[in-house]
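Sending over a structure as structure tokens; questions will come in a sec.
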Amino acid sequence: MFAPCSHRVCGSSYYQSDEHFTTTWGQQKISGCVCDSSWEVGLGSGQRQEAEWYGPDCSFRRCPSGDNPDTSADELDCNGVVHSGGRGTGLAGNVCHHDCSGKGKCDVKTGACACFLGHYGEACQVRDVNAIG
């Protein structure tokens, strides 16, 4: 039995049973959640490949996303990137989600970044030029 959870839309679907699996307790029903997001999710231009809320009960929250200020690569460009579930490839303008710009630790309970030394900003996307290192 699943516990109630927030930030989700649940549904179920039925499938044909196989005569070899007639004693399986859940053979007639599959259920799952589609987690909420404040941004548009998909593989198109302007969409992100990952939802804001995630996890088996949609209780984990992604932190703000940003481009790593210490690399020349654009970590937010998902053009041609295969979705982590293997269900398609991002089109031109598709956005990858990069928690805390790769320069902080994401608290998945609050969705807030704790930036590493020498970085700051909501998504740790700014390098402190005065930091030692």
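If you rank T71, T89 by fewest surrounding Cβ atoms within 10 Å, what's the result?
The fewest-first ordering by Cβ neighbours comes to T71, T89.
Tell me whether region 81-133 comes out rounded, prolate or oblate; compute the Cα gyration tensor, take square roots of the eigenvalues as a ≥ b ≥ c, and use a/c under 1.5 as the rounded threshold.
Verdict is prolate for region 81-133.
A further question follows. Sort K103, K109 so the one with the fewest other Cβ atoms within 10 Å of its own Cβ comes first.
K109, K103
Bear in mind that the values in this text are calculations on the coordinates, not laboratory data. What you are looking at is a predicted structure, and each value in this text was computed from that prediction instead of being measured. Here Cβ is always computed from backbone atoms with ideal geometry, including for glycine, and neighbour counts include all displayed protein chains.
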